[in-house]
Amino acid sequence: MSFNSTFKNGTHSNSSTFENEADATSVQYKNISILTPIIYVTVLLCSLMYLQRYVSTKKHQKSMQTPSIFEDNYRPREVYYAIKEKQYTTSNGSDKIDENALLSALIHRGASVFRYKIKLNETKQTFDILYKLGSMGEDFYERYEREFKLIEMELEDCIREYAELTKGKQSPQRFAEICQNVCFNEAIKRRVAFYDSKVQNKLK
Amino acid sequence: MVSSSTYEYDENSETFPFFILTALLSITIPWSIKLIYQFLSNNKFKSINAIRLKLANVDHSKEDKETLEKKKKSIECLYELQDSLKKDTFKKLEYEYLKANNSKNITKEFFIVTVLWVVVAYVYQSISNNAKIFETIASQFDPYELLGVTLSSSEKDIKSAYRKLSLKFHPDKLPSGLTDLEKLKYEESFILINKAYQALTDEIVKENYLKYGHPDGPQQVSQGIALPKFVVDNGFYSIIMVLAYCLVFMVVIPYFVSKWWNNSSQVNNQGINIETSSYIIEKVFNLKKGSVIDHNLILEWLSNAHEYKVQFPELTTEDIHSIFIDHINRENKLTSQNSKITDDVKFKVISKTHSLIKFTLTVASCFNNLSLSIASINCMKCITQAINPDLDDPRYELLQLPGVEILPELKEDSKFKGIKNLEQFFMLSNGEKCQVLGIENKDEFAKKIDKYQHTVPKLQVLSSKVVVQDQPYISPGAVVHIQLKVLMTGINYVSSLKQAFNLLFEQRDKAKKIDEKYQTIEHLLDPHKKMHEQEVLPPVFAPRFPVTKDTEYIILMIDNGKVLQTPIFFNKANWSDNLNSKSYDQLDKHQFFTQLVESQKSNKQLTVEANVIEDMKYSYVTIPCPLPAAEQPGEYSFKIYLDHFGMFGYDQYITVPYKVLSEDEIKAYEEEEKQKKIKAGEYIEIEEDEYGLSDEEELSEEEEEEENESDDNSSVYSDINTDTDEE
């Protein structure tokens, strides 16, 4: 004991600092619940998920608001659905939908899809050049790229509607064929009209 | 241990003022030098005339005096004529614009630099007033100073100086009646003197002094923070420091970075607002075949440009459109009708059109749309010359002439009814010219026209051919370019003279072997180099366009009614010699006109005397082809549309035929060449001749083409990017 006490006394200052340090280290060991990291990770994941969802909805909203680069903005589609949902009053007052009118609206819609598709494919190179030249903003190029996806969805929707209308009697290939023919015929008609007007102008 | 880990603060401002001073000077000195340089160099461009000559690329250093004088004379003459016709408000605004852009206003910068210098002076003052700094310096051990000798003193001098001082301070020889404190001071000095002497004489001590700066060896080194304590320690100032730090790194820097980023993403590579570019591209994309495409359509698009919405938020699209229409109709109703539309607004709106139309043209050509491309070019012409082709059809070209405000109504049977373009106009005598335009002051008009003729060049294509770099024939699929030989004449030269001129130039070339100039390595490597070496064309004569517009010629490669690549712009061709040519004024136009009529009657070629071209120079225009030569042997052609981007009456289609040789033909050609070379053992001159354009064959273009072609398979469609070089 006496030895101990002298030792203690003799090195009082030293030992006290040592003890203090030991105290300090022992304080650092704390009982942490297993839940802590789990809660931490969940909070982190949840906030990330929320952020991701927020960003994607924002993006979605934005893409819903941006109009199509086609000036008529898929008008034949609107016409078709307007007929289907009886937004027009029929001439004889009956609320039965005229099947033929609906079918021709659908074919018109399908033909316009083909027209858009051809136009998009034709201008692909042009848009790439303009993009590479730096003439086009990022947004507009994205709008253009989006149009390809939209047109595919539109075509799928047309085929689905066609199958519904004909109750599966006609094959989708036939629908595509009809639409393509209509599209080309319309193009020829426009061209003829154009040259006609040119000739008329010259005659004047 | 403990002492070295605590840092001392710079409580006495011994160190940090030096940091501040260094930082301040490293900004202030370069800035001042830049300002002084700017101030001196700016003096050169003080006058409007000097600024304009600089903008017109009249370079004092590069050219010889004679050409420089010619150019200067022509351009000054052009400005004089243009200024005499320009609207006063536009003239004033243009002067202001030119001054603001070309002679920088340096008063603001000057003020900031002065403030900086004042701060520097203050910091310097505070350093020199800080006694602590001098104390620290004084406490440094300097043996030379202690002994009162200099660095160059010899050992003998040092010794004698030491003796003197040690006698004075030796403890045994102190003067009586000193206090203890004084005694101590004397003793200290004595020790120091001893040390200093040792430092200069004793080997070890000297080494210590040289190594550590003290005769006793290494001294204690103190580390510190060069800031006063109150800034770092807890307290009011430290909070301010943290706040300032946050402000800089979290607000100021992000703000400027985001501002820079926003600005850069707002504008596309052609300097057009992103919204405008999207709008125009969308419009072109949705353009229906068969719709009317003319300058009115382009103007309608332009009035929707986002640039105008940003710059003039109070103006509607219709307002902008009415400004355009008012401008091209040469009316001035708007300013009185609409108080929002001032001359200043008009000035800005119309000057902006150039880049917008250029962009529309690029988009139209990317969409291969020829009629839209031409419509945009015409739209630029309408705006530059303030002409509405719809109003004065078909004589609108004449409105470009100086001093012509409106065209008079001509009687049905008037013999001048048929005068529709500038070429026909310049065939007339002075009196007739005035009659056509309904001008009364004939003398003044004659003067104006004379000036006009000497300042406005007209481009005439002498010949064209398809060339393969470094190969005299065209092999299948070779990468080719088109070479036009053009002549810049005065505007009154008739285009029927072209062939005669071409012949004369070819004869002269053959005599002088001018082509050799273009046979150097650089020219062989880059066929377009010779075009870039030519003179820059003078600005467009457009007194109604608000600002001075640089001349630009446009080349569109067309095929089957479609544009093949983005337009090529060029503005380089030799002109100063031709417009100031002596023979030019001597040329008897009336006699020439009768000659022309006769030659047309007899279907003969026009002849011109050789001395006419004595001091004239032709130029080259080279156009990279978007497509390689055809794969199959046979005869083909390229089609070019050439036009001026700002003046009516220059548009022309050029067909450049070429012949692709089959393998057999190539072999035969090479065999022939060989034979010629063998012969050339005796006739060296003949060999050189066939290098260039050979004898009589040049007369017909088809034959010409066979001669020049070649082969390198590098860029094909990528040429689209090279267009920017020409721009």
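Bear in mind that the values in this text are calculations on the coordinates, not laboratory data. Just so you know, these numbers come straight off a predicted model, no measurement behind them. So basically every Cβ, Gly included, is an ideal-geometry build from the backbone, and we count neighbours across all protein chains shown.
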Packing rank of B:273-281, B:12-20, where each peptide gets the mean count of other beta carbons within 10 Å, highest leading: B:273-281, B:12-20
Over segment B:162-299, what is the mean sequence separation of C-alpha contacts under 8 Å (at least six apart), divided by residue count, expressed as relative contact order in percent? 9
Given the Cα-Cα distance of B:E444 and B:E300 and 0.36 nm per residue of separation, how much length would full extension add, in nm? 48.0 nm
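Grab the beta carbon distance between B:K108 and B:S495, set R0 = 45 Å, and tell me the FRET efficiency rounded to 0.05. Can you show the working numbers first?
Details: r = 54 Å, r/R0 = 1.20.
Taking R0 as 45 Å, the efficiency between B:K108 and B:S495 is 0.25.
Could you tell me the relative contact order of segment B:142-214? Use alpha-carbon pairs under 8 Å, at least six residues apart, and round to a whole percent.
The normalised contact order for segment B:142-214 reaches 35 percent.
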Provide the per-residue ³J(HN,Hα) series for segment A:185-190, in order, calculated from phi with Karplus coefficients 6.51, -1.76, 1.60 and θ = phi - 60°, each as a whole number of Hz, with x at glycine and proline positions. 4, 4, 4, 5, 4, 4
Taking each residue in B:364-375, count the Cβ atoms of any other chain within 10 Å of its Cβ, then average. What number comes out? 2
Two-site FRET efficiency, A:R174 against A:E152, from Cβ-Cβ distance with R₀ of 22 Å, rounded to 0.05: 0.65
Provide the FRET efficiency to the nearest 0.05 for the A:A82-B:E663 pair, computing r from the beta carbons and using R0 = 56 Å. 0.30
Taking a ≥ b ≥ c as the square roots of the eigenvalues of the Cα gyration tensor of segment B:266-400, is the shape rounded (a/c under 1.5), prolate (a/b larger than b/c) or oblate? oblate
Cross-link partners of A:K202 among lysines (Cα-Cα below 24 Å; sequence separation of 8 or more within a chain): A:K189, B:K288, B:K289, B:K417, B:K420, B:K562
Spin-label pair B:D157/B:Q337, simplified geometry with 7 Å Cα→Cβ offset, distance in nm: 9.5
How far is it, in nm, from the label point at B:T15 to the one at B:Y122 when both lie 7 Å from their Cα along the line to the Cβ? 2.4
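Arrange the following residues from fewest to most other Cβ atoms within 10 Å of their Cβ: B:L422, B:L407, B:L40, B:L579.
Working: B:L422 20, B:L407 15, B:L40 9, B:L579 24.
The order, fewest Cβ neighbours first, is B:L40, B:L407, B:L422, B:L579.
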Inter-site label distance for B:L178 and A:L44 at 7 Å from Cα along Cβ, in nm: 7.6
Full-stretch length increase - B:L525, B:A50 - with 0.36 nm per residue and alpha-carbon distance subtracted: 167.3 nm
How much length would be gained if the chain were fully extended between B:E76 and B:L428, taking 0.36 nm per residue of separation minus their Cα-Cα distance, in nm to one decimal? 124.0 nm
